[in-house]
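All of the numbers you see were taken from the coordinates with simple rules; none came from a lab. Keep in mind that this is a model prediction, so the values were computed, not measured. With ideal geometry, Cβ positions are generated from the backbone for all residues, glycine too; neighbour counts draw on all protein chains shown.
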Amino acid sequence: MAINQKPRPKDAALKRFKLVVFVTLLGLLLFMILTETNLSWNFAAWSSDDIDEDPYLGFGDSNVELRLPKQSQLSIRLEKRNRLPPRNLDLYPKLANNHIAIVLYVHNRPQYLRVVVDSLAKVIGISETLLIVSHDGYFEEMDKLVQSIRFCQVKQIFAPYSPHLFPNSFPGVSPADCKGKDDPKAVHCRGNPDQYGNHRLPKIVSLKHHWWWMMNTVWDGLKETQGMSGHILFIEEDHFILPNAYRNLQLLVTLKPKKCPECYSVNLAPSDVKSRGEGSNFLIAERMGNIGYAFNRTVWRKIYKQAKEFCFFDEYNWDITMWATVYPSFGKPVYSLRGPWASAVHFGKCGLHQGHGDNDICIDNGVLNIDVKDIDKVANINSEWRVDIFRDQPGYGAGFRGWGGWGDERDRQLCLNFARMYHSMSNGPNISHS
């Protein structure tokens with residue numbers, strides 16, 4: 001006959017103690033595993049497109065009401081065009097697997113754009129991908145040139161708040177705006193001067209506004225690219241693209257996680273815009289350049305988290321703003337991987353959106369002379385090459401104060417609203433800053 005015995009108090013206490021110790025050790029072991037995994041993921045983040053973090057954690061408030069300038073009819077029409085599907089779907093119904101989208105951002109230099117379009121037409125593999133053309137404002141000749149493209153899928157987007165679309169109100173020129181070095185109190189005008197005492201010039205601030213609007217729209221606002229976690233290539237209307245550019249781009253993107261896991265991007269040209277490369281037998285990791293640069297969504301999220309720094313730095317150039325404020329915030333050098341021969345060439349002779357008059361062509365007196373050699377017509381990157389790191393290169397960096405041109409509070413707030421426009425729960429009423 002079985003006899004039921006109650007456990008002795010000492011035995012029960014010992015069992016509870018053992019259970020507590022076991023659970024504690026198990027928890028400690030789990031914590032160590034998770035910590036090690038997290039450290040490993042952080043190290044490998046740049047060699048993978050897998051993203052688990054919240055991209056917008058710590059910036060802004062999704063409940064903040066957007067306050068954007070009151071749109072004109074042209075602005076509204078252009079914004080509607082942004083939602084149209086890409087053209088040439090009848091010619092290229094499907095994009096290649098793992099294609100790398102190309103974004104070409106333009107203003108009003110049709111002579112330049114013709115050169116770029118002609119060069120892109122000769123790029124090997126261009127028909128496999130999507131070309132997105134981002135317009136700063138609307139200019140009919142530029143629009144027609146882009147509509148004439150037949151060598152790949154093409155999507156046009158227009159910055160609906162470009163200063164060039166607002167001739168009599170902010171972000172264009174408002175009648176009550178301060179000019180030059182006006183004293184707002186003495187002249188009774190509107191505006192905040194930059195650190196050098198100068199008031200805003202719409203044609204100057206449009207450079208930074210367009211780039212920031214474009215980045216937010218391409219990464220977070222377009223149906224065609226919202227699902228992309230991989231690299232996107234960005235080029236400008238004064239970048240001549242060599243025939244091997246796309247194939248070299250694909251190789252660099254593939255090699256980056258293996259050859260240079262600490263690299264944030266890839267470049268099609270040296271950071272020195274006057275250089276065509278070393279012509280050597282090794283890859284180069286150097287400071288990120290602004291000609292033919294490509295990065296993935298992981299890097300975009302790091303850039304996006306510095307939106308306030310980007311928008312409040314008194315510098316009208318987007319690239320100098322990035323070098324002086326955003327990249328230093330990453331905590332380590334921002335290297336970009338490239339080959340020893342350039343696959344993109346800067347040919348512009350005029351800056352600040354000049355050179356668009358018939359008698360003011362700024363391409364070497366109207367003639368473009370870029371020597372395309374046989375080596376530029378085929379992929380010229382070897383996966384067996386080593387990587388040389390160029391350290392401590394000259395250029396803008398942390399501590400640079402900026403050239404100014406970006407002191408008006410209205411520009412800074414509009415910039416912040418571009419960062420919020422695809423993440424805000426409430427798109428508030430448009431307001432006039434005239």
Electrostatic dipole magnitude of region 238-303 [Cβ: Lys, Arg +1; Asp, Glu -1; Cα centre; debye, to 20]: 300 debye
Candidate cut points under trypsin sites (Lys or Arg not before Pro) in region 67-105, DSSP loop plus at most 16 other Cβ atoms within 10 Å of their own Cβ, are Arg67, Lys70, Arg83, Lys94
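Rounded to the nearest 0.05, what FRET efficiency do Asp183 and Ser72 have when you use their Cβ-Cβ distance and R0 = 35 Å?
0.70
Let me have the relative contact order for region 234-344, percent, based on Cα pairs under 8 Å that are six or more residues apart.
Working: 166 pairs, mean separation 47.6, N = 111.
Normalised by residue count, the contact order of region 234-344 is 43 percent.
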Trp385-Lys144 pseudo-label distance in nm [points 7 Å out on the Cα-to-Cβ vector]: 4.2 nm
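What's the extension gain from Ala121 to Arg401 if we count 0.36 nm per residue and subtract their Cα-Cα distance?
Working: separation 280, 0.36 × 280 = 100.80 nm, distance 4.08 nm.
My answer for the length gained is 96.7 nm.
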Under a plain spin-label model, where a point goes 7 Å from the Cα along Cα-to-Cβ, how far apart in nm are Asp319 and Thr254? 2.9 nm
Using only the Cα atoms of region 249-316, what do you get for the radius of gyration and for Dmax, in Å? 14.0, 42
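Beyond a 19 Å Cα-Cα separation, which of these cross-linked pairs lie in this structure: Lys122/Lys373; Lys155/Lys308; Lys122/Lys256; Lys274/Lys373?
Details: Lys122/Lys373 13 Å; Lys155/Lys308 29 Å; Lys122/Lys256 26 Å; Lys274/Lys373 17 Å.
Violating the 19 Å Cα-Cα cut-off are Lys155/Lys308; Lys122/Lys256.
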Magnitude of the Cβ-charge dipole of region 135-265, K/R +1 and D/E -1, about the Cα centre, nearest 20 debye? 340 debye
Report the net charge of residues surrounding Pro93, where surrounding means a beta-carbon distance below 13 angstrom and charges are Lys +1, Arg +1, Asp -1, Glu -1. 0
Peptides ranked, highest mean first, by Cβ atoms within 10 Å: ranges 139-150, 180-191, 329-340: 329-340, 139-150, 180-191
